[in-house]
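Peer 1: Just passing along the structure, written as structure tokens.
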Amino acid sequence: MTTETHSTTEHGMSNAGYVRIAAILAAITALEVATYYIDLGALFLPSLLIMMVVKFIIVVSYFMHLKFDNKLFSWVFYAGLILALTVYAIFLATFHFFS
Amino acid sequence: MTADSHADSHGAAHTSTGLSNNKLGMWLFLGSECLLFGGLISTYMLYRGRVGEGPRPSQVFDIPFTSVSSFVLLMSSLTMVLAVSAAHKGDERNTSLWVAITALLGATFVGGQVYEFTAFYNEGMGFTTSLFSSSFYVLTGFHGVHVTVGIIMLMSTVGILKRSKVPGSKAETVEMIGLYWHFVDVVWIIIFTLIYLIPA
């Protein structure tokens, strides 16, 4: 087993794979910035939020290795994230942010 | 020597869970950080329209400049993951090199934030000018402090790697700092979209 294969199987991806992921992230960021200057109408907010979530998931899954690591780490992190989203959604709703 | 430093060659730690306690602790910490930044982001979202006599977000934000800063921080995540990859291969030279480049990119981001804050202040947006400005500076300032702490950890890592004074698994030490660094990047992904790109 070569060092590269060992690294790929145990710790996620090859270096070329990481560069490809970074290129995808850069492209999404460019699209996000483009939405600021192009009038997308009603699609503006949903498209930005979707791109933000996609970038978030890509970094957490590939760069932070959650996709390849033990599922307990995913549970621990996403539990904190979902708790935060729930608590602050209720907080914002209390102050009529969404209405 | 802790149980964690006895991880075998396949990465399995000799703990009750079979997982590294250091890594589990770091993920717990990052999960709790979601609550910290969630609170700051929510507070900003509530107050972003409360500008009082001060400038509005769209009057002060420089989107091209912040986009470049965001790109720099995003690329620092790539260099960090390359450092972790090199550490797992036992390549100390490249580990130190990528960690140092990550710190440099992080410092560039923080420098950009200092420049941005100075420009905002000169345009009449002080910390106490309005609820918008206070919540903005607290949120982005907290993030900047996190990046700065990350840079200090990265530079310390370069120093102790050179002196070969990293206890236990060097790869795991670099990976822990990497997790923290990527989290800081992930938080910025959210801040950049919600605070800068979506107008109040």
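The values are calculated or read from the model by the stated rules, or taken from the named source; none is laboratory data. Remember, it's a predicted structure, so these values are computed and weren't measured experimentally. Reconstructed Cβ throughout: ideal geometry from the backbone, glycine too, with neighbour counts over all protein chains shown.
Peer 1: Restricting the search to region B:41-68, which residues are buried (at least 19 other Cβ atoms within 10 Å of the Cβ), of a type outside the set (Phe, Trp, Tyr) and in contact with a Leu (Cβ under 6 Å, 6 or more places away or on another chain)?
Peer 2: B:Ser42
Peer 1: So, one more: Give the number of residues within region B:182-198 that are farther than 14 Å from B:Leu36 by Cβ and within 9 Å of chain A (Cβ to nearest Cβ).
Peer 2: The qualifying residues number 9.
Peer 1: From A:Phe44, A:Phe97, which residue is surrounded by 13 or more Cβ atoms within 10 Å (Cβ to Cβ) and either modelled with pLDDT of 90 or more or over 21 Å from B:Gly38 (Cβ atoms) (or both)?
Peer 2: When all the criteria are applied, what remains is A:Phe44.
Peer 1: Can you say whether A:Phe68 is closer than 19 Å to B:Met176 by Cα, within 10 Å of chain B (Cβ to nearest Cβ) and within 17 Å of the chain's Cα centre (by Cα), as far as the supplied structure shows?
Peer 2: Against the criterion (closer than 19 Å to B:Met176 by Cα, within 10 Å of chain B (Cβ to nearest Cβ) and within 17 Å of the chain's Cα centre (by Cα)), A:Phe68 does not qualify.
Peer 1: Let me ask you something else. Looking at this structure, is A:Ile90 under 16 Å from B:Val186 (Cβ atoms) and either more than 9 Å from chain B (Cβ to nearest Cβ) or out of contact with any helix residue (DSSP H, G or I) (no Cβ under 9 Å at 6 or more places or on another chain) (or both)?
Peer 2: Taking the combined requirement at face value, the residue does not satisfy it.
Peer 1: Right, another one. Is it true that B:Thr118 is more than 20 Å from A:Ala26 (Cβ to Cβ), polar (S, T, N, Q), without any contact (Cβ under 8 Å) to a residue 12 or more places away in the chain and not in a helix (DSSP H, G or I)?
Peer 2: In short, no.
Peer 1: Go through the residues of region B:170-191 one by one and say whether even a single one is surrounded by 18 or more Cβ atoms within 10 Å (Cβ to Cβ) and outside any helix (DSSP H, G or I).
Peer 2: no
Peer 1: Name every residue in region B:78-96 that is more than 8 Å from chain A (Cβ to nearest Cβ) and part of a helix (DSSP H, G or I), in order of residue number.
Peer 2: Matches in region B:78-96: B:Thr79, B:Ala83, B:Ala86, B:Ala87, B:Glu92, B:Arg93, B:Asn94, B:Thr95, B:Ser96.
Peer 1: State all residues of region B:61-77 that are more than 9 Å from every other protein chain (Cβ to nearest Cβ) and either acidic (Asp, Glu) or over 27 Å from A:Tyr88 (Cα atoms) (or both); if no residue qualifies, say none.
Peer 2: B:Asp62, B:Phe65, B:Val68, B:Ser69, B:Val72, B:Ser76, listed by residue number.
Peer 1: Please state which of the following conditions B:Gly90 fails to meet, knowing it meets all the rest: (1) touching a residue at least 60 places away in the same chain (Cβ under 8 Å); (2) farther than 23 Å from B:Pro199 by Cβ; (3) surrounded by 19 or more Cβ atoms within 10 Å (Cβ to Cβ).
Peer 2: Result: B:Gly90 fails condition (3) only.
Peer 1: Is region B:51-70 home to any residue that is more than 23 Å from B:Phe192 (Cβ to Cβ) and outside any helix (DSSP H, G or I)?
Peer 2: yes
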